[in-house]
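Note sheet for the following structure.
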Amino acid sequence: MNEGVHQIDDQGRLRHFLTIEGLGRDWLIRILDTAESFSGVAEQSIKKVPLLRGRTIVNLFFEPSTRTRTTFELAAKRLSADVLNINVSTSATTKGETLLDTLRNIEAMHVDMFVVRHADSGAAHFIARHVAPGISVINAGDGRHAHPTQALLDLFTIRRAKGDDFGRLRVAIVGDIEHSRVARAQIHALNSLNTGEIRVVAPRTLLPAAADSLGVHLFHDLNEGIRDADVIIMLRLQRERMQGALLPSEHEYFRLYGLTEERLRLARPDVVVMHPGPINRGVEMDSRVADGAHSLILQQVSHGIAVRMAVMSLAMQVAAPEAPV
Ligand code: NCD
């Protein structure tokens, strides 16, 4: 998927942020630490730092999004960048040349960064391969391939809750793994940080064919899969990506794979529950769990802003430790 695109340039600087794969532990830690240094900005009365003043960032969204787009937008604004939101409705034929055309037109406006979401796997890489030198591309989710800033905000949330020794953690990722760019990115990220045990819990129809090679333990039974877990990450049933009948019914899915308060007792007493959103209440989890004491779902959203500020400022080469944060 990386054909010809380097995320890190010759001088070891972050140029694009497209996937967790190949980035390595040191970069992940560096981004998380940078995000930590930005997390206080939200608590200031003036929620802004001048790091990206004069830079123009384009949110180029070919797929609907609320959380991801708005948190990228707020992150850019809190860094004092100018932000342009472009929501392009896409059809099967709006690819290739049309995508390039869109790109060339926006490039002509002298922008500095594209934040790209697209229904096709590989779209962000495609754009990164074709942008003018000096423009950075951030992947905000491509098809079922990758969603690296989501994985990082999840790591950030876990680290805040559990400390930085991922080696002691048992993390269970539950649900529609097959269609989830989030799950793929999380698995790469958790592996990079040497997480003690990564479990994937899903019905057979929602597991990718290559699940065995992901470096995880597979479970088909939810009770077994979450037993003694420190972290449970629930994923949405991504019906828009499903072809054919992969599931009996939502009711049946909830019966087998829905997280309830009763089931949560099988996990560790201090377990934390996460979900990238949007949640289908009563399908992936009971509302009492989503809104309960173990849930970090809203913290994930807040952390998304700090993590996206970190990625954007590093890609614009302004988040060096000596930078005036
Ligand atoms: C995820 C996505 O879009 O991949 N959501 C998100 O970024 N907040 C997961 C999902 O849509 O279920």
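We did not get these values from a lab; they are worked out from the coordinates using the rules stated. Since the model is a prediction, treat every value here as computed from it, not as a measurement. Methodologically, a virtual Cβ is constructed for each residue, glycine included, from the backbone with ideal geometry; neighbour enumeration extends over all protein chains shown.
Selection of the stretch 130-154 for residues being under 23 Å from LEU28 (Cα atoms) and over 19 Å from the mean Cα position of the chain (by Cα) yields GLY134, ILE135. Of all residues in the stretch 166-181, count the ones that are more than 16 Å from the ligand (Cβ to nearest atom) and either of a type in the set (Gly, Ala, Ser) or in a helix (DSSP H, G or I) (or both). Count: 4.
What about HIS188, is it away from the ligand (no atom under 14 Å from the Cβ) and of a type outside the set (Asp, Glu)? Judged against the criteria, HIS188 is a match.
Would you be able to tell me the number of residues in the stretch 36-87 that are among the β-branched types (Val, Ile, Thr), more than 16 Å from the ligand (Cβ to nearest atom) and surrounded by fewer than 18 Cβ atoms within 10 Å (Cβ to Cβ)?
The qualifying residues number 3.
Any chance the stretch 132-142 includes a residue that's surrounded by 24 or more Cβ atoms within 10 Å (Cβ to Cβ), farther than 19 Å from ALA76 by Cα and not polar (S, T, N, Q)? Among the residues of the stretch 132-142, at least one is surrounded by 24 or more Cβ atoms within 10 Å (Cβ to Cβ), farther than 19 Å from ALA76 by Cα and not polar (S, T, N, Q), which makes the answer yes.
Within the stretch 182-207, the residues that satisfy the criterion of being touching a residue at least 60 places away in the same chain (Cβ under 8 Å) and assigned to a helix (DSSP H, G or I) are VAL182, ALA185, HIS188, ALA189, SER192. Test of understanding: among PHE166, PHE114, PHE156, which residue is of a type in the set (Phe, Trp, Tyr) and in contact with a His (Cβ under 8 Å, 6 or more places away or on another chain)? The match here is PHE156.
The number of residues in the stretch 41-89 that are closer than 19 Å to ALA123 by Cα and in contact with a Gly (Cβ under 8 Å, 6 or more places away or on another chain) comes to 3.
Selection over the stretch 134-165 of residues that are touching a strand residue (DSSP E or B) at 6+ places or on another chain (Cβ under 6 Å), assigned to a loop (DSSP other than H, G, I, E, B) and aliphatic (A, V, I, L, M) gives a count of 0. Only residues that are surrounded by fewer than 16 Cβ atoms within 10 Å (Cβ to Cβ), under 23 Å from GLU21 (Cβ atoms) and among the charged types (D, E, K, R): list them for the stretch 189-243, please. Of everything in the stretch 189-243, those that are surrounded by fewer than 16 Cβ atoms within 10 Å (Cβ to Cβ), under 23 Å from GLU21 (Cβ atoms) and among the charged types (D, E, K, R) turn out to be ASP212, ARG241.
Among the residues of the stretch 140-165, the one identified as within 11 Å of the ligand (Cβ to nearest atom) and hydroxyl-bearing (Ser, Thr, Tyr) is THR149.
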